Amino acid sequence: MIYILHEEAHKATFTIKGDLHKYIVKVRRHKVGDELYFRSKEDIKTLHKYEITDVDGRSLEVRLISSTLLEVKSSKNLHIGWCVIDVKSIEKVLPSLNEIGVSKISFIYCDRSQKNFKLDFNRFERILDASMEQCGRTSTMEFDTYKNIDEFIKEFPKTKVFDFCDTVLEDGGDFETVLIGCEGGFSKNERELLKSQDIFRLDTPMVLRSESAVMAVASKILL
């Protein structure tokens, strides 16, 4: 864990109880005199260094040593338009997409998306909080939704599309927004709608699942 998110990070002293106390003392084996790093969501760009001053069976006390402005974020921005798939599959790769540096995901209910999949952005944010603590990132990934691909393309007309074609994505591609389909790919009507967009594929003979494609494309562009 690179830092801990805590609403009291910035105070001269504060007390930690509950599950976080158990994690710090019993899992991480920290003791009096050890130093910990904290950030708060309200001012996440500032990194606070604290010293553990007292530990007992139910709580621990920390004292502020220093506060430093320190941002950790990707040097590139990538906005992914992702046609909705099984939420469990989305949740599995969200931490990795966060670590890679994806800046925003727009979830799109395309023709082959199952409409019963409900997106819980509050749960997504909790997953990302844990990921940010682990990888050190300080920029928050954004989420939104679109009713269909047509609506998304109208708002982002320069979107590049991952699909079957002859054009292979090279390293360091100049991307800001990319569209990736759900399981089964785009429908005939959607392909007709997207025919004027720049379309690319990855250099592999294998057919990728939607979540594998998202990971591979994001890695290719951002890393």
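Of LEU69, LEU97, LEU36, which has the largest mean-square fluctuation in a 10 Å C-alpha GNM of the chain?
LEU69
With r as the distance between the Cβ atoms of LYS45 and LEU223 and R0 = 30 Å, compute the FRET efficiency 1/(1 + (r/R0)^6) and round to 0.05.
Approximately 0.85, to the nearest 0.05.
At 0.36 nm per residue, and after removing the present C-alpha to C-alpha distance, how many nm does the segment from ASP166 to LYS11 gain when stretched out fully?
Working: separation 155, 0.36 × 155 = 55.80 nm, distance 5.70 nm.
Working it through step by step, the gained length comes to 50.1 nm.
Going by a ≥ b ≥ c, the root eigenvalues of the Cα gyration tensor, does segment 47-134 fall in the rounded group (a/c under 1.5), the prolate group (a/b larger than b/c) or the oblate group? Show your work: numbers first, answer last.
Working: a/c = 4.43, a/b = 2.00, b/c = 2.22.
Judged from the Cα gyration tensor, segment 47-134 comes out oblate (a/c at least 1.5, b/c at or above a/b).
Measure nothing but the geometry: give the 0 to 90° angle between the long axis through the Cα atoms of 210-222 and the longest principal axis through the Cα atoms of the chain, rounded to 10°.
That helix lies at roughly 70 degrees to the long axis.
Under 5 Å between amide H atoms, partner at least 5 residues away or on a different chain: which partners does LYS45 have, H built in plane at 1.01 Å?
HN-HN under 5 Å from LYS45: empty list.
Give me the extension gain from SER196 to SER74: residue separation times 0.36 nm, minus the current Cα-Cα distance, reported in nm with one decimal.
Details: separation 122, 0.36 × 122 = 43.92 nm, distance 2.98 nm.
Length gained, SER196 through SER74: 40.9 nm.
Could you tell me the relative contact order of segment 56-174? Use alpha-carbon pairs under 8 Å, at least six residues apart, and round to a whole percent.
Values: 116 pairs, mean separation 33.9, N = 119.
The value is 29 percent.
Add +1 for every Lys or Arg and -1 for every Asp or Glu among the other residues with Cβ under 15 Å from the Cβ of GLU183, and state the total. If you can, show how the numbers build up before the last one.
Working: positive: LYS88, LYS92, ARG112, LYS115, ARG209; negative: ASP86, ASP111, ASP163, GLU190, GLU211.
Neighbourhood net charge equals 0.
If you build a Gaussian network model of the chain, linking Cα atoms that sit under 10 Å apart, which residue out of LYS158, LYS17, LYS104 swings the most?
For the chain, modelled as a Gaussian network with Cα springs under 10 Å, the answer is LYS17.
Taking Cα atoms, how many degrees apart are the long axis of helix 87-100 and the longest axis of the chain, rounded to 10 and kept between 0 and 90?
Relative to the chain, helix 87-100 is tipped by roughly 70 degrees.
Taking amide H positions as placed in the peptide plane 1.01 Å from N, state which residues far from LEU78 in sequence (5 or more) or on other chains have amide H under 5 Å from it.
Under 5 Å from the amide H of LEU78: SER103, LYS104.
With a/c under 1.5 counting as rounded, go ahead and sort segment 172-223 into rounded, prolate or oblate using the C-alpha gyration tensor (a ≥ b ≥ c being the square roots of the eigenvalues; past the cut-off, prolate if a/b is larger than b/c, else oblate).
Numbers: a/c = 2.01, a/b = 1.29, b/c = 1.56.
Here segment 172-223 falls in the oblate category.
Once phi is turned into θ = phi - 60°, what whole-Hz ³J(HN,Hα) does the Karplus curve with 6.51, -1.76 and 1.60 give for every residue of segment 120-132, x standing for Gly and Pro?
9, 5, 5, 5, 4, 5, 5, 4, 5, 4, 5, 5, 5
Would you calculate, for the chain, the mean residue ellipticity at 222 nm contributed by helices, counting each DSSP H stretch of 4 or more residues as -39,500 (n - 2.57) and dividing by all residues, to the nearest 500? Could the numbers behind the result be given before it?
Values: 6 runs with 61 residues, N = 223.
It lands at -8000 deg cm²/dmol.
List every residue whose amide H lies under 5 Å from the amide H of ILE108, counting only residues 5 or more places away in sequence or on a different chain, with H placed 1.01 Å from N in the peptide plane.
TRP82, CYS83, VAL84, TYR146
Do any of LYS11/LYS118; LYS17/LYS49; LYS26/LYS49 go past 30 Å between their Cα atoms, and which? Write out the running numbers ahead of the final one.
Values: LYS11/LYS118 38 Å; LYS17/LYS49 18 Å; LYS26/LYS49 21 Å.
Violating the 30 Å Cα-Cα cut-off are LYS11/LYS118.
Can you classify segment 122-223 as rounded, prolate or oblate using the Cα gyration tensor, where a ≥ b ≥ c are the square roots of its eigenvalues, rounded means a/c under 1.5, and otherwise it's prolate if a/b beats b/c and oblate if not?
Working: a/c = 1.87, a/b = 1.42, b/c = 1.32.
Cα axes put segment 122-223 in the prolate bin.
Taking 0.36 nm per residue of sequence separation and subtracting the Cα-Cα distance, how much length would be gained by fully extending the chain between THR140 and SER66, in nm to one decimal? Intermediate values should be presented prior to the final figure.
Values: separation 74, 0.36 × 74 = 26.64 nm, distance 2.34 nm.
Length gained between THR140 and SER66: 24.3 nm.
Which Cys in the chain stand alone, with every other cysteine's Cβ at 4.7 Å or more from theirs?
CYS135, CYS165
Read-outs: derived from the displayed coordinates by stated rules, not from any lab. All figures in this text were calculated on a predicted structure; none of them were measured in a lab. Positions of Cβ are generated from backbone atoms using ideal geometry, with glycine treated the same way; all protein chains shown enter the neighbour counts.
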